[in-house]
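One structure is given below, encoded as structure tokens.
The values are calculated or read from the model by the stated rules, or taken from the named source; none is laboratory data. Computed from a predicted structure; not experimentally measured. Cβ placement follows ideal geometry from the backbone for every residue including glycine, while neighbour counts extend to all protein chains displayed. These accessible areas exclude ligands, DNA and RNA; they are computed on the full protein's heavy atoms, side chains included. Shrake-Rupley method; radii C 1.70, N 1.55, O 1.52, S 1.80 Å.
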Amino acid sequence: MWRRTPFLSRLSGQSLGLAVCRRMHTGAAARPAEPVIDVHAHVVLEATMGTAGGFGPELGVDADGTPWFRIGEYYLRGVQYKGSPFMDASVRLARMERDGISFQVLSPNPLTYFHYIPAQEAVRFCRAHNDALAKLVADHPHRLAGLAALPVQCPESAAEELQRAVRELGLLGGGIG
């Protein structure tokens, strides 16, 4: 069931532009009269680690302290996800407050789209991701909403998961790339 939020009906491009310009010129977050909604915010969820089988995802740290994020055989090195807005809701909300962002629509990290893996593993990952995302946004309904991960390599499974994510979990829709 889709719920319209007052933030979406009142968003003004002028307010967004003003907030960005003020931040760039003064270093201070603007407080526009209208809410600022960030619709391009990615999330990495602890509950999804290892749910795509051998494809991960997985977090780790090299011997020299360099963090990494593994998807299949690919390693993204040097990005600290733990303790960052990607994974920590309190850090995300503090950063939103600092930057004058009223609301964020969270979507899967593009590295975890998993469109290339076997459908069974993709379905397992997407279900875990969507369950965890639904819990996160339910804990902060006035600040966060979410877009579901979908196993697009199997259209029937993607349609089923999209329906479940929207109707049962309360997510806004699907995020694909």
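Based on alpha-carbon atoms only, what is the radius of gyration of the stretch 57-121 relative to the globular estimate 2.2 N^0.38 Å?
In units of the 2.2 N^0.38 Å rule of thumb, it is 1.35.
Assuming a viscosity of 0.890 mPa s and a temperature of 25 °C, what translational diffusion coefficient in µm² per second does Stokes-Einstein assign to the stretch 31-177, Rh being the Kirkwood radius over Cα pairs?
My calculation gives 156 µm²/s for D.
Could you report the accessible area of Arg164 in Å², rounded to 10, computed with a 1.4 Å probe on the protein chains as they sit in the structure?
Accessible area of Arg164: about 30 Å².
What does the highest-first list of 132-142, 58-68, 146-156, 111-121 look like by mean Cβ count within 10 Å?
Top to bottom by mean Cβ count within 10 Å: 146-156, 111-121, 132-142, 58-68.
Where does each of Ile101, Ile71 land when they are ordered by accessible area, with a 1.4 Å probe and the largest first?
Ile101, Ile71
Under the classification rounded if a/c is under 1.5, otherwise prolate if a/b is larger than b/c and oblate if not, where does the stretch 104-146 fall, given a ≥ b ≥ c as square roots of the Cα gyration tensor eigenvalues?
Cα axes put the stretch 104-146 in the oblate bin.
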